[in-house]
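Asker: Mind looking over this structure? Questions follow.
The values are calculated or read from the model by the stated rules, or taken from the named source; none is laboratory data. The model shown is predicted, which means the values in this text are computed figures rather than measured ones. With ideal geometry, Cβ positions are generated from the backbone for all residues, glycine too; neighbour counts draw on all protein chains shown.
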């Protein structure tokens, strides 16, 4: 039974509008995607706000930002709609306890270090015969492999770091920022590096996905500056070894620094003011949005993100 008479007035369209606004951050985009007028979308939002006694979405310059309550509601509302679709389709839900399953995920090392260990532990604790095949992220999202089903999920960086694809759905998993890591014997005294001090140091550049540059170089280019890279490493761990016993600097995601940079050997300092942070985003094809196996996998990834490695 519903806890409120107001909730009884909500219908499936209201819930579809909620999910669409949450995922697209745009009333206009929702109107086009659901083939309804903007006034209809506004009316549905009004009903939702009244029913759940919360603003749910705040209009900002970057789009409709969900409130904390909307973020907690999203997976539950999504599950309601998915359950309704399953009732209509009559298809059996995916159950990895009954049959072995293999999934293909394309992701950078960041995902493998922070989220994949939790994901595999959860499978092991539940005694599920699930295998994950990891594929290394290239310069951009492997769109065709995601469309043809060769890949189940792709993890990429954002915002707007990779090319957008209109037929993909996206969910942000984690937010992070960058810090500067040094050998303990070569750590500068100041708590935050100035831009000048940053570019004067020699850098080791970790390339945990295939790319010649990253967000650091893009930001420096906007400042009409560039850094001196002495080495490119294939992994975060290798990059840390390269700065040992040197005055080189290694710019790492804060979560990776906390996980891998042993405090006995390394120190860190805040990056120059203005260096932007980033997100880790999960992408999947709209073709499998209602697929029970893919839905189950996405839910497992989200659960693994609730307690990423030592963060």
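Asker: Would you check if there is a residue in region 219-235 being under 27 Å from residue 140 (Cα atoms), crowded, with 19+ Cβ neighbours inside 10 Å and not assigned by TED's automatic domain parsing to the domain that holds residue 161?
Answerer: no
Asker: Looking at region 212-309, what strands (runs of 3 or more DSSP E) fall wholly within it and have at least 3 residues that are touching a residue at least 40 places away in the same chain (Cβ under 8 Å) and within 30 Å of residue 132 (Cβ to Cβ)?
Answerer: Because the criterion is at least 3 residues that are touching a residue at least 40 places away in the same chain (Cβ under 8 Å) and within 30 Å of residue 132 (Cβ to Cβ), the strands (runs of 3 or more DSSP E) in region 212-309 that meet it are 249-253, 278-285.
Asker: Here's a follow-up. Can you name the strands (runs of 3 or more DSSP E) wholly within region 137-184 that have at least 3 residues being over 12 Å from the mean Cα position of the chain (by Cα)?
Answerer: Ranges flagged: 178-183.
Asker: Can I ask one more? Are any residues in region 119-144 more than 20 Å from residue 94 (Cβ to Cβ) and in contact (Cβ under 8 Å) with a residue 40 or more places away in the chain, and if so, which ones?
Answerer: Scanning region 119-144 gives 136, 137, 138, 139, 141.
Asker: Residue pairs, Cβ under 8 Å, 6 or more apart or interchain, first in region 148-160 and on the phi > 0 side of the Ramachandran plot and not assigned by TED's automatic domain parsing to the domain that holds residue 253, second surrounded by 22 or more Cβ atoms within 10 Å (Cβ to Cβ) and assigned to a strand (DSSP E or B). List them.
Answerer: 149/285
Asker: Got a sec? Which of 189, 124, 143, 129 is buried (at least 17 other Cβ atoms within 10 Å of the Cβ), at negative phi and at pLDDT 90 or above?
Answerer: Every option except 143 fails the conditions.
Asker: Checking residue 198 against (1) under 20 Å from the mean Cα position of the chain (by Cα); (2) crowded, with 19+ Cβ neighbours inside 10 Å; (3) at pLDDT 95 or above, only one condition comes out false. Which one?
Answerer: (1)
Asker: Going by the structure shown, is residue 125 under 18 Å from residue 302 (Cβ atoms), assigned by TED's automatic domain parsing to the domain that holds residue 292 and over 22 Å from the mean Cα position of the chain (by Cα)?
Answerer: For residue 125, the condition - under 18 Å from residue 302 (Cβ atoms), assigned by TED's automatic domain parsing to the domain that holds residue 292 and over 22 Å from the mean Cα position of the chain (by Cα) - is met.
Asker: In region 6-109, which strands (runs of 3 or more DSSP E) lie fully inside it and hold 3 or more residues that are assigned by TED's automatic domain parsing to the domain that holds residue 293 and either touching a residue at least 12 places away in the same chain (Cβ under 8 Å) or surrounded by 16 or more Cβ atoms within 10 Å (Cβ to Cβ) (or both)?
Answerer: 101-107
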